[in-house]
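Trainee: Have a look at this one.
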């Protein structure tokens, strides 16, 4: 539809229409005395937003989905609404006193990944110098200590027997202590 701006006046319409009421229907469409041609041109060139482009409107724009927003068209007499696109992160509560949470956030501040893990030493990477205290390490340190006896089956920890002979020593002349344990009396 090609419309060009024309000046349709009362005199021009009178030549084509015999009824003065028909003439009045075409005048003053916008309440300011603008003729029909000016109104049609204004509508055709207005920057309107629609759901699809038209051949009739010269400045129309399309309301389209984007990377982050999707439109939901309810059809004729229905609602047109907008929703965020899914980031893939499940709607849930993450983390607790016994669970550690991990999140990935995109440049727009939206969570794109979320997961939680049991909070224990099995899923946390150790450093090279600060090691976790584990049962195996505790047993190893006890069993390899000097002057300590550790029983793996019962868990009993005891001082190692000293090699000093049993007896009463009234005035010892020499006491040997090794690692805090008396190892010899004479």
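Trainee: Could you check the range 107-122 and list, in sequence order, the residues that are assigned to a loop (DSSP other than H, G, I, E, B) and at negative phi? Write out each step before concluding.
Mentor: First pass over the range 107-122, keeping only residues assigned to a loop (DSSP other than H, G, I, E, B): 107-110, 119-122.
Selection gives 107, 108, 110, 119, 120, 121, 122.
Trainee: Could you give every pair whose Cβ atoms fall below 6 Å, whose first residue belongs to the range 85-106 and is closer than 18 Å to residue 69 by Cβ, and whose second residue is in a loop (DSSP other than H, G, I, E, B), counting only separations of at least 6 or pairs across chains?
Mentor: 85/68; 87/110
Trainee: Quick check on my filter: what residues within the range 119-139 are touching a strand residue (DSSP E or B) at 6+ places or on another chain (Cβ under 7 Å) and surrounded by 10 or more Cβ atoms within 10 Å (Cβ to Cβ)? Steps first, please.
Mentor: First pass over the range 119-139, keeping only residues touching a strand residue (DSSP E or B) at 6+ places or on another chain (Cβ under 7 Å): 119, 123, 139.
119, 139, listed by residue number.
Trainee: Within the range 27-54, how many residues are in a loop (DSSP other than H, G, I, E, B) and at pLDDT 70 or above? Outline the logic, then answer.
Mentor: Of the range 27-54, the ones in a loop (DSSP other than H, G, I, E, B) are 27-35, 45-48, 51-54.
The next check asks that each one be at pLDDT 70 or above; those that pass are 45-48, 51-54.
The total comes to 8.
Trainee: When the range 55-81 is examined, which residues are found to be farther than 27 Å from residue 43 by Cα and not in a loop (DSSP other than H, G, I, E, B)? Let's see the steps before the verdict.
Mentor: Going residue by residue through the range 55-81, those that are farther than 27 Å from residue 43 by Cα are 66-70.
Residues satisfying the conditions are 69, 70.
Trainee: Scan 87, 58 and give me the residue that is surrounded by 11 or more Cβ atoms within 10 Å (Cβ to Cβ) and over 30 Å from residue 116 (Cα atoms). Full working, then the answer.
Mentor: Working: 87 fails: over 30 Å from residue 116 (Cα atoms).
Just a single option satisfies the conditions, and that option is 58.
Trainee: When the residues of the range 149-164 are filtered to those that are more than 25 Å from residue 131 (Cα to Cα) and modelled with pLDDT of 75 or more, which remaining residue is surrounded by the most Cβ atoms within 10 Å (Cβ to Cβ)? Quick ask: steps written out before the conclusion?
Mentor: So the first thing to find is which residues in the range 149-164 are more than 25 Å from residue 131 (Cα to Cα), and the list is 154, 158-164.
Among the residues that remain, those that are also modelled with pLDDT of 75 or more are: 154, 158.
Working: 154: 7, 158: 10.
In this case the residue turns out to be 158.
Trainee: If a residue must be over 12 Å from the mean Cα position of the chain (by Cα) and not in a strand (DSSP E or B), how many such residues does the range 95-106 contain?
Mentor: Total satisfying the criteria: 4.
Trainee: Still on this structure, please answer the following. Only one of these is assigned to a loop (DSSP other than H, G, I, E, B) and at pLDDT 75 or above: 125, 129, 146. Name it. Explain how you work it out, then say what you get.
Mentor: Details: 125 fails: at pLDDT 75 or above; 146 fails: at pLDDT 75 or above.
On inspection, the qualifying residue turns out to be 129.
Trainee: Could you tell me whether residue 167 is out of contact with any strand residue (DSSP E or B) (no Cβ under 6 Å at 6 or more places or on another chain) and modelled with pLDDT of 70 or more? Working first, answer last.
Mentor: Numbers: out of contact with any strand residue (DSSP E or B) (no Cβ under 6 Å at 6 or more places or on another chain): yes; modelled with pLDDT of 70 or more: no.
Here the answer is no, as residue 167 does not meet what is asked.
The values are calculated or read from the model by the stated rules, or taken from the named source; none is laboratory data. These numbers come from a predicted model, not from an experiment. Backbone-built Cβ (ideal geometry, glycine too); neighbour counts: all protein chains shown.
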